[in-house]
Structures are given as C-alpha cells and as structure tokens.
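Just below is one structure, and these are the notes that go with it.
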Amino acid sequence: MSRRTALSPSLALLPFLVYLTIFLLVPTVTVVVGAFQEDGSFSTANIEALFSEAALRTLWNSVVLSATTAVIGAVLGALLAYLVVTAPPTSLLRRVVVSVSGVLAQFGGVTLAFAFIAMLGFSGVVTELLRSAVGVDIFGSGWLFGLPGLILVYTYFQIPLMVIVFLPALEGLRPQWREAAVNLGATTWQYWTRVAVPLLRPAFLGASLLLFANAFAAYATAAALVSQGNPIVPLLIRAALTSEVLLGRQNLAFALAFQMIVVVAVVMTAYALLVRRTSRWLR
Amino acid sequence: MKPSYTWRVTRVALLLLFGAFFLVPLLAMLDFSTRDLGGGRSGEAWLDLVRDPDLSAAIITSLLLALLTVGGMLVLLVPTMIWVRLRVPRATRLVEFLCLLPLTIPALVIVVGMRNVYSWVNYLVSDSVLTLTFVYVVLVLPYSYRAIDAALSGIDAVTLSEAARSLGAGWFTVIGRIVVPNIWSGVLSAAFVSVALVLGEFTIASLTNYENLQVVIALLGKSEARTSVAASAAALLFASVLLMALSYVGRGRRARKENLT
C-alpha cells in the first residue's frame, strides 16, 4: 500500500517519458549504434571513413565556418548588445533590437538564404546597382554560393543570437560596481580591464561556444544556398542520406551524425560549465 | 556621468551601420519580389502566394502543423511540468534535462536516426505530412519548457493546489482551473515560439521528403525566384508579428507583477 502511494504520482510522468523515448532517445541511440555497424554487424568502417581525406576536409570547412562566424558574431553581437544596454530599458531602440534579434536568430534558415540571393545574387538588387552605377561586378564567380557566402549569411543570424544570449550578462553588470571603482580612483580603462571584462569573460566565451554549436549544426541556410558539392558536414549528411552510397559506405550518415553529436555535446558541455560560473554573480 | 560627445557620435554611427547590415537584405527582398520583368513594379509574385496551388497548399500544411504541434506540446508538457512541481519534485532535473536535450541533439541528427521510428508511425498512424507533428513537438520542447518554467516559478503552485485540494478539488480541477489560468502568459509564449519555429522548419521536412512551406519555398527558388523571395518575406513578416506579440505578452506579465509588489 505504502509502496503504491509512493509510485503512483511518478506514473503520471509515463506518457511524457515514453514520448521522448520514442521520438528523441530512440533516434539518438539509432545514430550512435548505426555509426558502429555495417550490414547489420559490428564494424568500425564508417568511423574510419570519417578520417578519410574528403571527410576530414569537409569537417575542417565546417569548423572554419563555425569558428569564423562564432568569433565575428560574438564580437559584433556583444558590441550591439552594449549599444542597446546603454539605452534606457523602455526605449524603442531596445525593444526593436531585442524583438528583431529574436526573429532573425530563430527563424532564419531558407528565408535568409533568399534574402541574400535577392541582394547579392546574379540579378540581386545590390549586384545590379553596383554593376550599372560603378561598373563593378560584385557577384564575381558566384562566391555567395560557396563557403564565403555561407560565412556572410551565417554572420547575419549569429549576431542576433549573440545579442539575445549576451544581453542578460551585460544587464547584470551593476552601475554600483562602476561607481565603486571610480570612487577608488579607477579610470574608465581600468574599470573595463580590471572589473567588467574579467566578469564578462565566462559569459562571452560561453556565448561564443553556443554560437559555434549553432553554426555547426545549422542546415537550412546552407541547403538553400549551396547547390554544388558538399563543402560542410551538414550537406555531406544530406548527400549521405539521399544517395545511398557515399565514399563507399552505407551507414556513413550515421557516422557523420554521430560526429556531429560528439562535437556539439562537447561544445555545449563547456558552455553549460561557463554559464554556471556566470550565474554566480548574475541576478 | 554624462557620456562624452565622441562616444555619442560613435554610438549613433555604429547603430546606423548595424541597422544597414540588417535592413539591406530585407529591403532587397521587398525590391526583388516586386520587380516587373519590364522594369517597373508589380505585385504578381505576392499574388502568387494565394494563386500558386503548391504554395498555398504548403502554407496551409505548415499552419496545420503549427496548430497540431502547439496542441501536442501543450498536452504533453503542461500537465507534466505542473505535476512534477506539485507531486514529484525529485523528477525536476530529469524532465529539465530531457526538455533541453534537443538543443544538444540537432534536428539534423534526429532526422538521420528517426527513419525506423517513422516507418512505424507511417505504418500505424498514417503517412501524411502532418505526422511530422510528432517530431516537431520534440523540436519546440526546449523553448516551450523555458517559457512555461519561467511562468511556473513566478507563482506558488504548491500552496495554490493545497488550498484547492482542501476545498475538495480533484487533480484535474487543480491543474486545469487553478494552475493553468495562473501561468497563462507562459503557456501563450510557449505557443507563439512553437508556431514561429514550425513555420520556419526546413531540415526535417526536406530530408524526409515532405513538403511544408519552407521546402516549397526552396523548390520554387529554382524556377520562380521572385515568388520564392516573396514567400520568404511573407513568412518572415508573419513570424515577426507573432514574436512581437510575444514580447508584449511578456511585458504585460512583468507589468502586472510590478503592480502586485
């Protein structure tokens, strides 16, 4: 009897747990197990295929793309967040920037690819303007549809994400700390280098890691923009899923997805640790 | 401290630069989608949003998916979260971990691994595009969880439920008529974010060969560039309005709380 009363409240969680097991845990386990299988038996062939020259080059491209856009996004996003945080909390500027950031960071995907095609594509608005006005062909040999284009478009959604993630940390910097520093004779430079930057560093690094993971796993923008070749990991996964055999491996999609889990999990764990450090003084 | 003149000028200049960087692509969409082949302006591409049968079907599909996903998310998440808070607080960490897990397991990974699960879904339920709802509920979980959790933390759910129970209310009454009305703003935020996410979803639909709004937009990009840009702009606009409304819901909550204290 006493055992039943202890158990029955937990039983109500069963539907939730079963649902997540089916639609989240089973797919994840499928990927992990599938990565170590070929033709239904244990094999490391797919994992080894990850270390082939072509796969490594793709991984390198993905890392470069994610790291570049994470750094650019983090620096510019932090700057924009600072410009916003120095405006009064109820100002129109602040509300507009926060709302627009929410939309651009989360909605993204295909839409942004088309925005940039409309702007910088072969018959894009800016392309035609420059072509007729200055005689410069900004379209060139189609850089927009390769890695450089991806960096530009990814930056466009990384900056807003940084604003959303970093704004709370900036808001947590209390004006009293600055006043205390100034009272003790600190210059503006000293306040920033000795007080603000050390306080914000974990939050900044954490946010940069989140941006890295975000870019690494992003698929829609790249899929809509790049039509030739598979320069980055998500597109290689697409190729592995749609054409059965790639690099001679049937289960390569599982191995590539497994690689993505590992990269994102490592980055997100580091992020969680850094956030825990920030939350010690935040609020 | 009064900001220096140089700083104020720099600030405005920087804000203008940011504004230009974010506005130009959006304006380019408007310009591009209203171009006429002859060189003038025309709203043809925008009219295609309702005229093109593929596109309007896809818009309806995506709206239905959004509706079903919100419904599924609410049914699955709201009672569970309230129940955890009231009766099984030791499961808090587990539920939070599971809800935030989709941030670490990207949609791309789920789509690679879900072929087996979906062959069962297609066999047992149906093979309609609307079955994507099942996986979309998982996708929106982290964002919905945060919205509802924030609202739940703002009220004293345990005391409320004890008061209701001592007056003879059953658990369904407690959840449906006592707690949910008190976390309404959080539930609404969760619903808005979910709608925006589903309308923007491309990864899973395109890799499972289903046609939702974003997939059709991407396909149109190859043949009717202007129409696809118009559809992108319309979707972006719709999501902006939704999320803008969301920021007002959140503000209303904060304002009310300040009045109380």
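The values are calculated or read from the model by the stated rules, or taken from the named source; none is laboratory data. Quick caveat, the model's predicted, so the values are computed rather than measured. Cβ placement follows ideal geometry from the backbone for every residue including glycine, while neighbour counts extend to all protein chains displayed.
The table below gives the values:
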{"quantity": "In the range A:35-44, residue surrounded by the most Cβ atoms within 10 Å (Cβ to Cβ) [restricted to those that are outside any loop (DSSP other than H, G, I, E, B) and not aromatic (Phe, Trp, Tyr)]", "calculated": "A:Ala35"}
{"quantity": "Residue in the range B:128-139 that is under 18 Å from B:Phe202 (Cα atoms) and touching a Cys at 6+ places or on another chain (Cβ under 9 Å) present", "calculated": "no"}
{"quantity": "Filtered residues of the range B:67-121 (kept if aromatic (Phe, Trp, Tyr) and either more than 7 Å from every other protein chain (Cβ to nearest Cβ) or not in a helix (DSSP H, G or I) (or both))", "calculated": "B:Phe97, B:Tyr118, B:Trp120"}
{"quantity": "Of all residues in the range B:2-35 being facing chain A (nearest Cβ under 7 Å) and of a type in the set (D, E, K, R), the one that is nearest to A:Val85 (Cα to Cα)", "calculated": "B:Arg11"}
{"quantity": "Every residue from the range A:229-283 that is within 13 Å of chain B (Cβ to nearest Cβ), assigned to a loop (DSSP other than H, G, I, E, B), at pLDDT below 85 and touching a helix residue (DSSP H, G or I) at 6+ places or on another chain (Cβ under 7 Å)", "calculated": "A:Asn251, A:Arg283"}
{"quantity": "Looking only at the range B:122-154, and only at residues there that are in contact (Cβ under 8 Å) with a residue 60 or more places away in the chain and of a type in the set (S, T, N, Q), the one that is farthest from the other protein chains (Cβ to nearest Cβ)", "calculated": "B:Ser144"}
{"quantity": "Among residues of the range A:132-181, those that are without any contact (Cβ under 8 Å) to a residue 12 or more places away in the chain and part of a helix (DSSP H, G or I), counted", "calculated": "8"}
{"quantity": "Meets criteria (out of contact with any Asp or Glu (no Cβ under 7 Å at 6 or more places or on another chain), free of Cβ contacts under 8 Å to residues at least 12 places away in the same chain, crowded, with 24+ Cβ neighbours inside 10 Å and of a type in the set (Gly, Ala, Ser)) for A:Ala113", "calculated": "no"}
{"quantity": "Residue in the range A:198-206 that is more than 13 Å from chain B (Cβ to nearest Cβ), more than 30 Å from B:Ile217 (Cβ to Cβ) and exposed (fewer than 13 other Cβ atoms within 10 Å of the Cβ) present", "calculated": "yes"}
{"quantity": "Residue check for A:Val84: in contact with a Lys or Arg (Cβ under 8 Å, 6 or more places away or on another chain), within 26 Å of A:Asn214 (Cβ to Cβ) and part of a helix (DSSP H, G or I)", "calculated": "yes"}
{"quantity": "Filter result (within 22 Å of B:Thr80 (Cα to Cα) and either modelled with pLDDT under 90 or outside any helix (DSSP H, G or I) (or both)) within the range A:1-34", "calculated": "A:Arg3, A:Arg4, A:Thr5, A:Ala6, A:Leu7, A:Ser8, A:Pro9, A:Ser10, A:Leu11, A:Ala12, A:Leu13"}
{"quantity": "Residue match in the range B:6-22 (condition: surrounded by 20 or more Cβ atoms within 10 Å (Cβ to Cβ) and either assigned to a helix (DSSP H, G or I) or modelled with pLDDT under 90 (or both))", "calculated": "no"}
{"quantity": "Scope the range A:87-107; condition facing chain B (nearest Cβ under 7 Å) and outside any helix (DSSP H, G or I); matching residues", "calculated": "A:Phe107"}
{"quantity": "Selected residue (only one of B:Val229, B:Val198 is crowded, with 22+ Cβ neighbours inside 10 Å, under 12 Å from the mean Cα position of the chain (by Cα) and β-branched (Val, Ile, Thr))", "calculated": "B:Val198"}
{"quantity": "Among (1) surrounded by 19 or more Cβ atoms within 10 Å (Cβ to Cβ); (2) under 23 Å from the mean Cα position of the chain (by Cα) - the single one A:Leu20 does not satisfy", "calculated": "(2)"}
{"quantity": "Residue selected from the range A:35-60 under the condition in contact with a helix residue (DSSP H, G or I) (Cβ under 6 Å, 6 or more places away or on another chain) and not aliphatic (A, V, I, L, M), by the criterion modelled with the lowest pLDDT", "calculated": "A:Glu38"}
{"quantity": "Those residues of the range A:10-68 which are free of Cβ contacts under 8 Å to residues at least 24 places away in the same chain, among the hydroxyl-bearing types (Ser, Thr, Tyr) and within 14 Å of chain B (Cβ to nearest Cβ), in sequence order", "calculated": "A:Ser10, A:Tyr19, A:Thr21"}
{"quantity": "Single unsatisfied condition, A:Val98 versus (1) among the β-branched types (Val, Ile, Thr); (2) surrounded by fewer than 23 Cβ atoms within 10 Å (Cβ to Cβ); (3) free of Cβ contacts under 8 Å to residues at least 60 places away in the same chain", "calculated": "(3)"}
{"quantity": "Hey, B:Ala157 within 14 Å of chain A (Cβ to nearest Cβ), among the small types (Gly, Ala, Ser) and in contact (Cβ under 8 Å) with a residue 24 or more places away in the chain or not", "calculated": "no"}
{"quantity": "Search result, residues across the range A:50-75 that are of a type in the set (A, V, I, L, M, F, W, C), surrounded by fewer than 20 Cβ atoms within 10 Å (Cβ to Cβ) and farther than 16 Å from A:Leu235 by Cα", "calculated": "A:Phe51, A:Ala67, A:Val71, A:Ile72, A:Val75"}
{"quantity": "Test: residue in the range A:179-194 that is more than 12 Å from chain B (Cβ to nearest Cβ), modelled with pLDDT under 90 and in contact with a Pro (Cβ under 9 Å, 6 or more places away or on another chain)", "calculated": "no"}
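Table: residues versus (1) within 26 Å of A:Met260 (Cα to Cα); (2) of a type outside the set (S, T, N, Q); (3) over 20 Å from the mean Cα position of the chain (by Cα); (4) modelled with pLDDT of 90 or more.
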site: B:Gly71; (1), (2), (3), (4): no, yes, no, yes
site: B:Arg93; (1), (2), (3), (4): yes, yes, yes, yes
site: B:Cys99; (1), (2), (3), (4): yes, yes, no, yes
site: B:Thr104; (1), (2), (3), (4): yes, no, no, no
